[in-house]
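Peer 1: Take this structure first; my questions come after.
What follows draws every value from the coordinates through simple rules; no lab data is involved. Remember, it's a predicted structure, so these values are computed and weren't measured experimentally. Glycine also receives a Cβ, built like all others from the backbone with ideal geometry; neighbour counts cover every protein chain displayed.
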């Protein structure tokens, strides 16, 4: 196999794997931009994956399945919003609780929503249809970049949603409002913005994206349900948000690097190349890169004020009567 | 974190069970029922490794009916908290405890030393105690047979193998599989991809996709989910299952065959020996003769003469006329590791850390 074919297939594998990550990371960027840290991504993705799969299994309607996944993901994140925004609870603790609750609930429901004839319920069931790849004629035949035009509708959706998120957050008035709430809620409130409303809304939207990210796995990439099937992707999302420095445009670079390295370690092994570094090293290298990027960002941010900084009010509670 | 909480709940639950039992039937016929504790590394719903153990447990329950009562502990981490789970099972009245994963062994031995009146059964390890046995099966024999089928059905002669960890068990399986492949097609190769996880549906699938991308047209696996097999049949290629009958679960004839476990055949006689009072500590490595292992029904896509050849080989192994690691064996650098006429010892098989000729990949 030549280098061009190798690269094309590597890109295709990266896109297939990265779609779910990108949705959830976009969601978390929205949430964190408004000043709310949601560590509940893993649980939210898992519950979204379950909701999507269970709905598609029962109704056979994939669009409805997506809506359910988003709805369930949103509902779970509303609990987080209630605790963090209304009750002003510690966001880290609440997020961790959401992950544990979401994962546990998904496991519980996964053993109950399937046919009783199958002892393990939803696990091991197959879907009648899934989101398959759609190739765009001619474009899909281009070497390497052709892989971009032979993906599922869920991935095509990202081609719109990622630029939109960047434009929305940085070039619109409403985007500025979100950033203001995340940077300095006191000033935002003084300008007459309802900090709570903004934070509720973008925590909800973040959860919906996470649910969608989970559904990408269970309806497209791995069309099945397994307990713990997200395999820690919700935690990668948290790292990716930092990696991309809270910028939706850079999220794409992040998911390509994270998804790419995972795919690369398999492609290298499958091609029979001797690895210069052990496969285990490649396995954790995305996290190593995150640490390096974080270090680099901190150094650059010291020289150039405001560059790569996290939202200043991230993970802090706010109330109008705070002193 | 999640496991911690789950564990805490389990501990609470088990102690509740124990407490309830104590107050309820103090003088009743509690000792007429043998309580059996079973510890699984993953949820039985993985449709793989723990699933097959649970099938064994179910077979055992059906065999003994009212005489046994089983307490299942699922998704228990392989660390010191497993000791507490075992202690709790003992508190709940279990007289014998099974644990199905390698790294429980040290913890099980610790508990076994503290409770000489309870029997312990550890699967896939080597530690023992006067009241603790270890047991496993010669799955490599089935791997060899499935390798023969894979080689016959592969047009490209390139076969992929998704492996979990580079443990002797997995390496031995890959070697046996490859020897089977090479017996049918001496030019065929087996390319190995390590996922470094027993259970992660998306990584397992990705490993298979990378192999398919490289032109492999049969995918075998040593993983806990059906994803590698599914990835193969979705592309119109062939798959070899593992643990359970993947042909049935995936619902596709392109799953050619699955090497399967039959744990019930160990659990039933073991429980019987406890009931009879004849239980003895042993290191058990069961093979074809005890039907600890077997092949699933072979797909109708496999030609009849091939099925016959597989059955003949299986009979030879059953009658102990021949075995997988007998005769000259070269490693994948070409060096002779075993001279012709020699038979590999159990100890050498249990610690094997090199690949046979025909495997593309490295153990480390």
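Peer 1: For a distance above 15 Å, tell me the whole-number percent of Cα pairs in region B:171-246 that qualify.
Peer 2: Distances greater than 15 Å cover 53 percent of the Cα pairs.
Peer 1: Using just the helices of the protein assembly as shown, give the 222 nm mean residue ellipticity in deg cm²/dmol: DSSP H runs with n ≥ 4 each add -39,500 (n - 2.57), and the total is spread over all residues, rounded to 500.
Peer 2: Value at 222 nm, helices only: -17000 deg cm²/dmol.
Peer 1: Now a separate question. Take the alpha carbon gyration tensor of region A:1-44, find the square roots of its eigenvalues, order them as a ≥ b ≥ c, and report rounded if a/c is under 1.5; if not, report prolate when a/b exceeds b/c, else oblate.
Peer 2: Working: a/c = 5.71, a/b = 3.28, b/c = 1.74.
It is prolate, given that a/c is not under 1.5 and a/b is the larger ratio.
Peer 1: Could you tell me the largest-minus-smallest coordinate of the C-alpha atoms of region A:23-129 on each of the three principal axes, in descending order and whole angstroms?
Peer 2: 45, 25, 19
Peer 1: Cut-off is 10 Å between beta-carbons; in what order do B:337, B:182, B:205, A:197 appear when sorted fewest neighbours first?
Peer 2: Lowest to highest Cβ neighbour count: A:197, B:337, B:182, B:205.
Peer 1: A further question on this structure: Please arrange B:213, B:346 by counting, for each residue, the other beta carbons lying within 10 Å of its beta carbon, fewest first.
Peer 2: The most exposed by this proxy come first: B:346, B:213.
Peer 1: Where q = 0.07, 0.09, 0.17 Å⁻¹, what log10 of I(q)/I(0) comes from the Debye formula for region A:19-233, counting one point per Cα?
Peer 2: The Cα Debye sum returns log10 ratios of -0.24, -0.38, -1.09.
Peer 1: Sticking with this structure for a sec: Could you pull the Rg and Dmax for chain B, using just the Cα atoms, both in Å?
Peer 2: 21.3, 69
Peer 1: Still on this model: Thinking of region A:172-281 as a set of Cα atoms, what percent of all their pairs are more than 25 Å apart? Write out the running numbers ahead of the final one.
Peer 2: Numbers: 2584 of 5995 pairs.
Pairs farther apart than 25 Å: 43 percent.
Peer 1: Using only Cα atoms, tell me the angle between helix B:168-184 and the longest principal axis of chain B; keep it within 0 to 90° and round to the nearest 10.
Peer 2: Roughly 30 degrees between the two axes.
Peer 1: Calculate I(q)/I(0) for region B:123-235 by the Debye formula, one identical point scatterer on each C-alpha and no solvent, and give its log10 at q = 0.13, 0.15, 0.17 Å⁻¹ to two decimals.
Peer 2: -0.49, -0.63, -0.78
Peer 1: Here is a follow-up. Any idea what the relative contact order of chain A is, in percent, if you count C-alpha pairs under 8 Å spaced at least 6 apart?
Peer 2: Over chain A, the number comes to 34 percent.
Peer 1: Now for a different question. Arranged by the count of other C-beta atoms within 10 angstrom, fewest first, what order do A:300, A:144 take?
Peer 2: On the way: A:300 12, A:144 16.
Ordered by Cβ neighbours within 10 Å, fewest first: A:300, A:144.
Peer 1: Separate question: What percent of all Cα-Cα pairs in the protein assembly as shown falls into each 20 Å bin, going from 0 up to the bin containing the maximum distance?
Peer 2: Going out from 0 Å in 20 Å bins, the protein assembly as shown shows 17, 47, 30, 6, 0 percent.
Peer 1: If you build the convex hull over the alpha carbons only and average its shadow over all orientations, what do you get for region B:193-298? Give it in nm² to one decimal.
Peer 2: 8.2
Peer 1: A further question follows. What is the projected area of the convex hull of the Cα atoms of region A:130-181, averaged over all directions, in nm²?
Peer 2: Numbers: hull surface 20.5 nm².
For region A:130-181, the mean projected area of the Cα convex hull comes to 5.1 nm².
Peer 1: Let me ask you something else. Nearest 10 degrees, 0 to 90: what angle lies between the long axis of helix B:105-114 and the longest principal axis of chain B (Cα atoms)?
Peer 2: Helix B:105-114 sits at roughly 20 degrees to that axis.
Peer 1: Which whole-number percent is the relative contact order of chain B (Cα, under 8 Å, 6+ apart)?
Peer 2: That works out to 16 percent.
Peer 1: If one takes the longest principal axis of the Cα atoms in chain B, at what angle in degrees, from 0 to 90 and to the nearest 10, does the Cα axis of helix B:49-64 lie?
Peer 2: For helix B:49-64, the angle is close to 50 degrees.
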